[in-house]
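What follows is a set of notes on a single structure, which appears directly below.
The values are calculated or read from the model by the stated rules, or taken from the named source; none is laboratory data. Model, not experiment: these values are computed from the prediction. Here the Cβ positions follow ideal geometry from the backbone for every residue, glycine too, while neighbour counts run over all protein chains shown. For accessibility, only protein heavy atoms count, side chains too; no ligands or nucleic acids. Shrake-Rupley method; radii C 1.70, N 1.55, O 1.52, S 1.80 Å.
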Amino acid sequence: MLFKFLCLFTFLIICFSLIISADEEQIKKGEYIFKASGGCSCHTNKINKGKFLAGGRSIKTPFGTFFSTNITPDVKTGIGNWSDEDFIRAMKLGVSPAGEHYFPVFPYTSFQLIKRNDLLALKAYIFSISPVNQKNTPHKLILPIGRKIPMIFWKKFVWSSKQYENNPLRTKTWNRGAYLVQSITHCAECHTPRDFLGGLNYEMHMAGSVDGPEGELAPNITPDLKTGIGSWSKIDISYFLKTGIKPDGDYTEGLMSEIIDSGYQYLVDEDLKSIAEYISTFTPIENNLRNNGTSP
Amino acid sequence: MMKTKIFIFFTSIFLIFSSNKLVPSESAGMIKYRQNVMKAAAGHMGAIVSILKNNLPIRDHILEHANSLNQISKMTISIFPKGTGLGRTKAKNSIWKNWSKFEKISQDFVDESTKLMELAKNGDIQAIAKQIRKTGKTCGSCHRNFRKRD
């Protein structure tokens with residue numbers, strides 16, 4: 001009798017610890033995805049010493065000033081009462097649980113390509129951090145009602161929801177890089193210019209944008225020799241993403257330095273290699289954004 | 001007596017203005033000089049980084065570059081005299097408005113590059129790789145605050 005009881009007891013303990021470690025593993029995986037995304041740094045108001053992921057950071061765009069939202073698991077002011085499906089719908093379709101369309105300043109155009117499993121892990125991680133009670137700040141848009149109508153037009157006619165598809169003609173490394181860059185690391189959101197509705201202009205894929213987020217210039221990162229990063233080796237690219245140091249010894253600045261600090265620097269070497277492999281196969285586009293004539 | 005006073009008055013005025021303000025032609029020269037010095041700093045950074053990331057068999061060169069970088073770091077303060085914020089330069093005027101902050105970041109550059117030099121003497125590659133990033137960050141932090149973007 002006692003023996004049976006002990007067996008059952010041990011069995012239960014093992015089950016329990018397996019569940020916990022599965023959870024922990026999921027959170028760990030989610031944390032990696034979180035960092036690969038750049039640490040969602042837009043959602044932390046660093047300049048004003050805001051709390052982690054509690055939002056409130058202003059993001060200036062040609063369409064007005066957006067304020068990032070609270071994505072901590074606080075039930076009242078954050079996303080604490082979102083179900084898995086709510087989270088996936090927001091990330092893949094850009095629709096809030098209440099059915100509102102997000103403006104693509106929230107990069108769901110890229111995030112939609114993140115695989116379901118990766119999204120669930122990401123949610124598990126976000127739900128493991130401390131909730132912060134902090135109300136969202138309303139956006140200050142140039143045309144307040146103008147937000148919805150063109151948005152819905154854009155979503156109906158221009159944007160289309162997509163899945164990441166493996167390219168069988170390319171190597172495994174290349175495909176891993178393509179997946180990371182197109183979805184999680186969302187490089188195009190800054191490095192590809194936008195059309196007048198705010199959507200990405202795919203003909204200028206990664207050819208740089210003069211008014212990226214916060215009005216910052218995001219340079220041309222296609223392999224064009226004159227105006228892009230054609231002279232960078234793959235090692236140069238992966239080293240840069242890990243450290244922020246460019247091949248000429250200059251240190252990167254602005255949003256790029258922030259996103260490296262809060263995220264990309266934690267990418268494992270294999271992923272960095274994959275990203276570099278993929279990026280060096282972009283179509284070179286000549287697009288000179290830097291002011292000619294002003295020297296450093 | 002009166003004459004001496006006037007003399008002292010004008011001399012001190014002259015000294016005040018001549019000591020830390022540059023006339024335009026000198027200022028253009030200073031700007032060019034400064035850009036060359038900054039390029040030299042980036043050159044040494046880039047050189048160390050080339051050795052590290054490509055695993056080049058000339059690791060002993062790292063110390064030389066770290067030494068030079070450290071020398072340059074100590075010049076930073078003196079290559080930004082007042083009156084050199086106009087012309088073909090990306091230096092922001094806020095340098096001279098927030099001089100103590102500028103001084104502090106310049107000192108960080110000196111401190112971090114000194115550590116880099118110490119580590120380069122020991123030759124621990126991992127530690128050097130970490131420290132080069134810390135050193136680079138001091139450059140980035142100054143550029144973020146005080147250098148105009150392209």
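Within region A:167-176, the set of residues being in a helix (DSSP H, G or I) and open to solvent by 40 Å² or more (accessible area, probe 1.4 Å) comprises A:172, A:173, A:176. If you check B:92, B:104 for being within 25 Å of residue A:256 (Cα to Cα), more than 11 Å from chain A (Cβ to nearest Cβ) and touching a Gly at 6+ places or on another chain (Cβ under 9 Å), only one passes: B:92.
All told, residue B:128 falls short of being open to solvent by less than 30 Å² (accessible area, probe 1.4 Å), touching a strand residue (DSSP E or B) at 6+ places or on another chain (Cβ under 9 Å), assigned to a helix (DSSP H, G or I) and within 13 Å of chain A (Cβ to nearest Cβ).
Does region B:63-86 contain at least one residue that is over 17 Å from the mean Cα position of the chain (by Cα), more than 10 Å from every other protein chain (Cβ to nearest Cβ) and in a helix (DSSP H, G or I)? There is at least one residue in region B:63-86 that is over 17 Å from the mean Cα position of the chain (by Cα), more than 10 Å from every other protein chain (Cβ to nearest Cβ) and in a helix (DSSP H, G or I). Summed over region A:41-89, residues that are in contact with a helix residue (DSSP H, G or I) (Cβ under 6 Å, 6 or more places away or on another chain), part of a loop (DSSP other than H, G, I, E, B), under 20 Å from residue A:254 (Cα atoms) and of a type in the set (A, V, I, L, M) total 1. Taking the listed residues A:277, A:253, the one that is in contact with a His (Cβ under 7 Å, 6 or more places away or on another chain) and either open to solvent by 50 Å² or more (accessible area, probe 1.4 Å) or at negative phi (or both) is A:253, with no other qualifying. Number of residues in region A:206-230 that are modelled with pLDDT of 85 or more and within 17 Å of the chain's Cα centre (by Cα): the value is 2. Taken over region A:61-102, the residue count meeting the criterion of being open to solvent by less than 60 Å² (accessible area, probe 1.4 Å) and without any contact (Cβ under 8 Å) to a residue 60 or more places away in the chain is 19. Does residue B:50 meet the test of being within 11 Å of chain A (Cβ to nearest Cβ), open to solvent by 30 Å² or more (accessible area, probe 1.4 Å), at pLDDT 95 or above and assigned to a helix (DSSP H, G or I)? In short, yes.
Exactly one residue among B:114, B:138 is within 13 Å of chain A (Cβ to nearest Cβ) and either at pLDDT 95 or above or open to solvent by less than 80 Å² (accessible area, probe 1.4 Å) (or both), and that residue is B:138. Filtering A:245, A:235 for residues that are buried (at least 18 other Cβ atoms within 10 Å of the Cβ), at the interface with chain B (Cβ under 9 Å from one of its Cβ atoms), of a type in the set (Val, Ile, Thr) and within 24 Å of residue B:46 (Cβ to Cβ) leaves a single hit, A:245. The set of residues from region A:265-274 being within 13 Å of chain B (Cβ to nearest Cβ) and open to solvent by less than 40 Å² (accessible area, probe 1.4 Å) comprises just one member, A:272.
Candidates B:57, B:24: the one that is more than 14 Å from chain A (Cβ to nearest Cβ) and modelled with pLDDT of 75 or more is B:57. Being surrounded by 12 or more Cβ atoms within 10 Å (Cβ to Cβ), closer than 30 Å to residue A:237 by Cα, touching a Phe, Trp or Tyr at 6+ places or on another chain (Cβ under 9 Å) and not assigned by TED's automatic domain parsing to the domain that holds residue A:213 holds for only one residue in A:179, A:125, and it is A:125.
Does residue A:58 count as open to solvent by 30 Å² or more (accessible area, probe 1.4 Å), modelled with pLDDT of 85 or more and farther than 20 Å from residue A:264 by Cα? So residue A:58 fits the description; yes. Could you look through region A:280-296, keep only residues that are facing another protein chain (nearest Cβ under 9 Å) and open to solvent by 40 Å² or more (accessible area, probe 1.4 Å), and pick out the one that is modelled with the highest pLDDT? Among those that are facing another protein chain (nearest Cβ under 9 Å) and open to solvent by 40 Å² or more (accessible area, probe 1.4 Å), it is A:290.
Restricting A:164, A:125 to residues that are under 24 Å from residue A:105 (Cβ atoms), in a helix (DSSP H, G or I) and modelled with pLDDT of 75 or more narrows the list to A:125. Note on region A:188-199: among residues that are open to solvent by 20 Å² or more (accessible area, probe 1.4 Å) and either among the acidic types (Asp, Glu) or farther than 17 Å from residue A:288 by Cα (or both), the one that is modelled with the lowest pLDDT is A:197. Report yes if some residue within region A:216-226 is surrounded by fewer than 18 Cβ atoms within 10 Å (Cβ to Cβ) and within 12 Å of chain B (Cβ to nearest Cβ); otherwise report no. Looking for residues that are surrounded by fewer than 18 Cβ atoms within 10 Å (Cβ to Cβ) and within 12 Å of chain B (Cβ to nearest Cβ), one finds at least one in region A:216-226, hence yes.
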